[in-house]
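**Student:** I have a structure here, written as structure tokens, and I will follow up with some questions on it.
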Amino acid sequence: MNRALVLRGGRVIDPSRNLDEPADVLIQDGKVAGVGRGLGAPDGAEVRDVRDRVVAPGLVDVHVHLREPGNEDVETIATGARAAAAGGFTAVCAMPNTDPVTDNQAAVGFIVRQSVRAGLTRVYPIGAISVGQKGERLSEFGEMVGAGAVAVSDDGKPVVSSHLMRTALEYARTFGIPVADHCEEPTLADAGVMHEGLVSARLGLKGIPAAAEEIMVARDALLAGLTGGHVHLCHISTRGSVELIRRAKEEGIRVTAEVTPHHLTLTDRACERYDTHAKMNPPLREAADVAALRAALKEGVVDCIASDHAPHAYDAKEAAFDDAPFGIVGLETAFGVAHTELVLSGILTLPELIHRMSTAPAAAFGLPGGTLAPGAPADVLVLDLTDSWTVDPAAFCSKSRNTPFAGRALTGRAVLTLVGGKVVHQADAPVAQ
Amino acid sequence: MRWTWSAGFASELATRQLPLKRLEPPQPSRGFSRALGDETMTPVLGKDLVGLEHLSPEQIRLVLDTAEPFKEVSERPIKKVPALRGKTIVNLFFEASTRTRISFEFAEKRLSADTVNVAASGSSVQKGETLVDTARNLEAMRIDMVVIRHPSSGAAEFLGRRIRSNVINAGDGKHEHPTQGLLDLLTIRDKHGKVDGLKVCLVGDVLHSRVARSNIWGLLKMGAEVGVCGPDTLMPRGIEELGVCRFRRIEEAIEWADVLNVLRLQLERMEKGFIPSVREYYRVFGVTLERLEKAPRALTIMHPGPMNRGVEIDSRVADGPHSVILDQVTNGVAVRMAVLYLLAGGRPELADAAKGGSSE
């Protein structure tokens, strides 16, 4: 067993217990053994001075794409988990749009095994809703959950058939898992490549109207109401979606929602000059949408921040805008972007941000973590909020560098990440595997 | 061990990315003949002509004024001047085009440039890949200028940012077709003696039209009032915010306008469900003689071609006394000569001399 560890004198923030005070954290046998002032160190324990640092439960990301199996040149479960650790995440949920699709217990088991083998950030598999993500037949939720799946989703593709969505929500109730949907009405989005608005009109690019998302948000909320199932809405991007979710929650419907750091900070103007690093789905929207998403996160209408980490080969984005793939990497910039843009600008308090990036997503997906309660797994994060750094994609642990935040000056980053009490990331000494 | 491998990957990536990231300052003055002017002066249009949105009214006026002396070249028995002798130009067409390609080719040949035509096609992803590789290959061959037509919006800008050669956009997706916008402006100015204060209405499929976007920017910058008319299904949402008047009925547009620029209706728009039928489109939006006869004044009729007679425009209108459709084609060569000359670093005040060849 690892040596006991005492994190001495940090500002401890644990949103699960409304804690924000200077304290020591004792970690023993892979678990949080105690939080309090002046904790004694057991014999042989390592003591780390974390004065001027923040100690918090590790971040949890319920939406990443790790590309393994199928596209290991771009990312693997190990490199994705290392990027996650560097970004302060102790648990991530891997979407099933792999090749082959993660739609059965063997595929789910493979991801669990690769995660354990990497021994870094925990990677929880999300199984496909439908076999092959074809939108036709339900996958075997029961066996996938048995093998370790924590949710189901056809992400990357919307669930087009309302009947399939309904049965997925009903069937998932037996296993107590959320059904995560990528909300996009495909006939309306058609071949759109960016937000439909004035910028798309000027650039001559096919737009995806906000309504393409909102129609599916409304439908999913109605179906969750009909079935009593838990629908999780992926990467919400429009102010209209926010209002629909607000109404659904007021009616007691079991809906949770996530928003990405980029939808909280960038608008469709980032697509000007045809910058393919600003091409993502859902697309970057307008300033009014960004404002509504920020307010919704503050209020809790949107539950959590998720990165939608989507690695692509460097040359895939070196193409005309129409031809480039959707998506950006986000694990290593998520906290810095959110802290700089939301906390330092006074929109969220730091405990609120930790809540939205750790406790709330863990709760939404029923994952361990998101807490420093004694007895919980020691998935712990130490943050340096004064560290000003510049995003340098060449320094990413991820295999991919497709980010619109390159060169951006950020403040705040993870200096120490522990998973089950084991150090998986240290800012001053990258952990070799 | 794996960490080392990962670092190796990163450094390899950095090396491989190098040629893509290299954004040299524009150096079009490299190797100019003295006839084209002082090598140290900044070219008046910049390195590339990607669109009219980011040109100033002065730059647009300069192109139109420079086109004037070049018009005469095409009227000579020997239609050739030495202004671009020794320059190599590639006409890179990823999309079928007859009129624009020929017009550019004549402009290039009449300026004595050496030209190569490349026609490429393939699936959209292949096009994207080809575009990067094409850029690198063109750069490696040290050509002076590239005229590019591509089905993806932004393709010309993409290429321009990756090569030192001058890039001229001959139509990129639904974005811009700047030389068409310029030749339309020149034709309007020829006909009316001015652009400023005129009311010009673009009729038809503005949503999918690069000609419409270049016209809107060019006309607004030159002081015209701009209208757009067509069904909402073929209008970009929020188009009014660009500063144009919106007409939903062709009768209202005709009553308002001095000039109608009738856009080509791509017949596949009907299959995609933007309009119910070509027949109904003509009945509701067609620019017909009967409708024009009710107008308070004679309207100048323009069309970028190729025309669908009896779809967006009545033959009697296209062939009528107020049509300047063939003048547009004639002006196209002069405008493209002016653009090529200016991008190559030619000085506008020397255009007359350059075409005479006396200073070569």
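**Student:** For the stretch A:281-316, what are the residues that are within 13 Å of another protein chain (Cβ to nearest Cβ) and open to solvent by 10 Å² or more (accessible area, probe 1.4 Å)?
**Tutor:** If the condition is that a residue be within 13 Å of another protein chain (Cβ to nearest Cβ) and open to solvent by 10 Å² or more (accessible area, probe 1.4 Å), then A:GLU286, A:HIS312, A:ALA313, A:TYR314, A:ASP315, A:ALA316 are the ones that fit.
**Student:** Let me ask something else about it. Which of the residues spanning the stretch B:71-88 are among the β-branched types (Val, Ile, Thr) and within 16 Å of B:ALA351 (Cβ to Cβ)?
**Tutor:** Step one: filter the stretch B:71-88 for residues among the β-branched types (Val, Ile, Thr), giving B:73, B:78, B:81, B:88.
Hits for the stretch B:71-88 are B:VAL73, B:VAL81.
**Student:** Further question on the same structure: Kindly establish whether A:GLY336 is at pLDDT 95 or above, more than 13 Å from every other protein chain (Cβ to nearest Cβ) and surrounded by fewer than 24 Cβ atoms within 10 Å (Cβ to Cβ). Reasoning before the result, please.
**Tutor:** Numbers: at pLDDT 95 or above: yes; more than 13 Å from every other protein chain (Cβ to nearest Cβ): yes; surrounded by fewer than 24 Cβ atoms within 10 Å (Cβ to Cβ): no.
The answer is no for A:GLY336.
**Student:** If you go through the stretch B:338-348 one residue at a time, do you hit one that is modelled with pLDDT of 95 or more, small (Gly, Ala, Ser) and under 11 Å from B:ALA83 (Cβ atoms)?
**Tutor:** yes
**Student:** Here are some conditions: (1) open to solvent by less than 10 Å² (accessible area, probe 1.4 Å); (2) within 14 Å of chain A (Cβ to nearest Cβ). B:THR179 meets all but one. Which one does it not meet?
**Tutor:** Result: B:THR179 passes all but (2).
**Student:** Search the stretch B:46-65 for residues being in contact (Cβ under 8 Å) with a residue 12 or more places away in the chain, assigned to a loop (DSSP other than H, G, I, E, B) and under 12 Å from B:TRP217 (Cβ atoms), and hand back the single one that is nearest to the other protein chains (Cβ to nearest Cβ). Walk me through it before giving the result.
**Tutor:** Going residue by residue through the stretch B:46-65, those that are in contact (Cβ under 8 Å) with a residue 12 or more places away in the chain are B:46-53, B:55-57, B:59-65.
Now restrict to residues that are assigned to a loop (DSSP other than H, G, I, E, B): B:46-48, B:50-53, B:55-56.
In the following step, the residues that additionally are under 12 Å from B:TRP217 (Cβ atoms) were identified as B:50-53, B:55-56.
On the way: B:VAL50: 10, B:GLY51: 9, B:LEU52: 12, B:GLU53: 7, B:LEU55: 14, B:SER56: 17 Å.
Across the stretch B:46-65, the extreme among qualifying residues is B:GLU53.
**Student:** Suppose the filter is of a type in the set (A, V, I, L, M, F, W, C), open to solvent by 20 Å² or more (accessible area, probe 1.4 Å) and at pLDDT 95 or above; does A:ILE354 pass it?
**Tutor:** On the way: of a type in the set (A, V, I, L, M, F, W, C): yes; open to solvent by 20 Å² or more (accessible area, probe 1.4 Å): no; at pLDDT 95 or above: yes.
No, not satisfied.
**Student:** Just to be sure, is B:ARG189 more than 13 Å from every other protein chain (Cβ to nearest Cβ), over 16 Å from the mean Cα position of the chain (by Cα) and in contact (Cβ under 8 Å) with a residue 12 or more places away in the chain?
**Tutor:** Details: more than 13 Å from every other protein chain (Cβ to nearest Cβ): yes; over 16 Å from the mean Cα position of the chain (by Cα): yes; in contact (Cβ under 8 Å) with a residue 12 or more places away in the chain: yes.
Answer is yes for this residue.
Every residue, every condition in (1) assigned to a loop (DSSP other than H, G, I, E, B); (2) out of contact with any Cys (no Cβ under 9 Å at 6 or more places or on another chain), yes or no:
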site: A:LEU26; (1), (2): no, yes
site: A:VAL47; (1), (2): no, yes
site: A:ASP52; (1), (2): yes, yes
site: A:GLU72; (1), (2): yes, yes
site: A:GLU75; (1), (2): yes, yes
site: A:THR79; (1), (2): no, no
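**Student:** Now a separate question. For the subset of the stretch B:199-252 comprising residues that are in contact with a Leu (Cβ under 9 Å, 6 or more places away or on another chain) and among the basic types (Lys, Arg), which member is farthest from the other protein chains (Cβ to nearest Cβ)?
**Tutor:** My answer is B:LYS221.
**Student:** Now a separate question. Condition first: part of a loop (DSSP other than H, G, I, E, B) and either under 20 Å from the mean Cα position of the chain (by Cα) or under 13 Å from B:ALA224 (Cβ atoms) (or both). Now tell me which residues in the stretch B:238-251 satisfy that. Please lay out each step first, then the result.
**Tutor:** First, pick out the residues of the stretch B:238-251 that are part of a loop (DSSP other than H, G, I, E, B): B:238, B:243-244, B:248-249.
Once the filter is applied, which keeps residues that are part of a loop (DSSP other than H, G, I, E, B) and either under 20 Å from the mean Cα position of the chain (by Cα) or under 13 Å from B:ALA224 (Cβ atoms) (or both), the stretch B:238-251 yields B:GLY243, B:VAL244.
**Student:** Do any strands (runs of 3 or more DSSP E) entirely within the stretch A:364-433 hold 1 or more residues that are farther than 30 Å from A:TYR314 by Cβ and open to solvent by 50 Å² or more (accessible area, probe 1.4 Å), and if so, which? Full working, then the answer.
**Tutor:** Details: elements: A:380-390, A:409-419, A:422-426.
By residue number, A:380-390, A:422-426.
**Student:** Given the conditions (1) within 16 Å of A:SER307 (Cα to Cα); (2) buried (at least 21 other Cβ atoms within 10 Å of the Cβ); (3) touching a His at 6+ places or on another chain (Cβ under 9 Å), and given that A:PHE326 satisfies all but one, which numbered condition is not satisfied?
**Tutor:** Tallying (1) within 16 Å of A:SER307 (Cα to Cα); (2) buried (at least 21 other Cβ atoms within 10 Å of the Cβ); (3) touching a His at 6+ places or on another chain (Cβ under 9 Å), A:PHE326 fails exactly one: (2).
**Student:** Residues in the stretch A:222-242 that are open to solvent by 10 Å² or more (accessible area, probe 1.4 Å) and free of Cβ contacts under 8 Å to residues at least 60 places away in the same chain: how many? Spell out how you get there, then give the answer.
**Tutor:** Let us first name the residues in the stretch A:222-242 that are open to solvent by 10 Å² or more (accessible area, probe 1.4 Å), namely A:222-223, A:225-228, A:230, A:239-240.
Now restrict to residues that are free of Cβ contacts under 8 Å to residues at least 60 places away in the same chain: A:222, A:225, A:228, A:239-240.
Summing the residues that are open to solvent by 10 Å² or more (accessible area, probe 1.4 Å) and free of Cβ contacts under 8 Å to residues at least 60 places away in the same chain in the stretch A:222-242 gives 5.
Okay, residues lined up against (1) part of a loop (DSSP other than H, G, I, E, B); (2) more than 19 Å from A:HIS65 (Cβ to Cβ); (3) open to solvent by less than 10 Å² (accessible area, probe 1.4 Å); (4) among the β-branched types (Val, Ile, Thr):
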| residue | (1), (2), (3), (4) |
| --- | --- |
| A:ALA83 | no, no, yes, no |
| A:THR90 | no, no, yes, yes |
| A:CYS93 | no, no, yes, no |
| A:THR102 | yes, no, yes, yes |
| A:PHE110 | no, no, no, no |
| A:ILE126 | no, no, yes, yes |
| A:GLY132 | no, no, no, no |
| A:GLY142 | no, yes, no, no |
| A:HIS163 | no, yes, no, no |
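**Student:** Is the stretch B:231-240 home to any residue that is farther than 21 Å from B:ILE188 by Cα, of a type in the set (S, T, N, Q) and either touching a residue at least 60 places away in the same chain (Cβ under 8 Å) or surrounded by fewer than 17 Cβ atoms within 10 Å (Cβ to Cβ) (or both)? Write out each step before concluding.
**Tutor:** Taking the stretch B:231-240 first, the residues farther than 21 Å from B:ILE188 by Cα are B:231-240.
Next, only the ones that are of a type in the set (S, T, N, Q) stay: B:233.
Within this subset, residues satisfying the condition of being either touching a residue at least 60 places away in the same chain (Cβ under 8 Å) or surrounded by fewer than 17 Cβ atoms within 10 Å (Cβ to Cβ) (or both) are B:233.
Yes, the conditions are met somewhere in the stretch B:231-240.
**Student:** So in the stretch B:145-176, with the set limited to residues that are within 13 Å of chain A (Cβ to nearest Cβ), assigned to a strand (DSSP E or B) and more than 24 Å from B:MET302 (Cβ to Cβ), which one is nearest to the chain's Cα centre (by Cα)? Write out each step before concluding.
**Tutor:** Taking the stretch B:145-176 first, the residues within 13 Å of chain A (Cβ to nearest Cβ) are B:148-162, B:169, B:171-176.
Next cut, assigned to a strand (DSSP E or B) only: B:148-150, B:169, B:171-172.
Now drop any that are not more than 24 Å from B:MET302 (Cβ to Cβ), which leaves B:148, B:150.
Values: B:ILE148: 10, B:HIS150: 12 Å.
Here the answer is B:ILE148.
**Student:** Scanning the stretch B:88-110 for residues that are outside any helix (DSSP H, G or I) and closer than 21 Å to B:ASP327 by Cβ, which turns out least open to solvent (accessible area, probe 1.4 Å)? Before you say what the answer is, go through the steps one by one.
**Tutor:** Restricting attention to the stretch B:88-110, the residues satisfying the condition of being outside any helix (DSSP H, G or I) are B:88-98.
Now drop any that are not closer than 21 Å to B:ASP327 by Cβ, which leaves B:97-98.
Working: B:SER97: 25, B:THR98: 92 Å².
So the residue we want is B:SER97.
**Student:** For the stretch B:324-352, which positions are closer than 17 Å to B:GLU75 by Cβ and aliphatic (A, V, I, L, M)?
**Tutor:** Result: B:LEU326, B:VAL329, B:VAL333, B:ALA334, B:VAL335, B:MET337, B:ALA338, B:ALA351.
The values are calculated or read from the model by the stated rules, or taken from the named source; none is laboratory data. Predicted, not measured: the structure shown is a model, and the values here were computed from it. Note that each Cβ is placed from the backbone with ideal geometry, even for glycine, and that neighbours are counted across all protein chains shown. Accessible surface areas use protein heavy atoms only, side chains included; no ligands, DNA or RNA. Shrake-Rupley method; radii C 1.70, N 1.55, O 1.52, S 1.80 Å.
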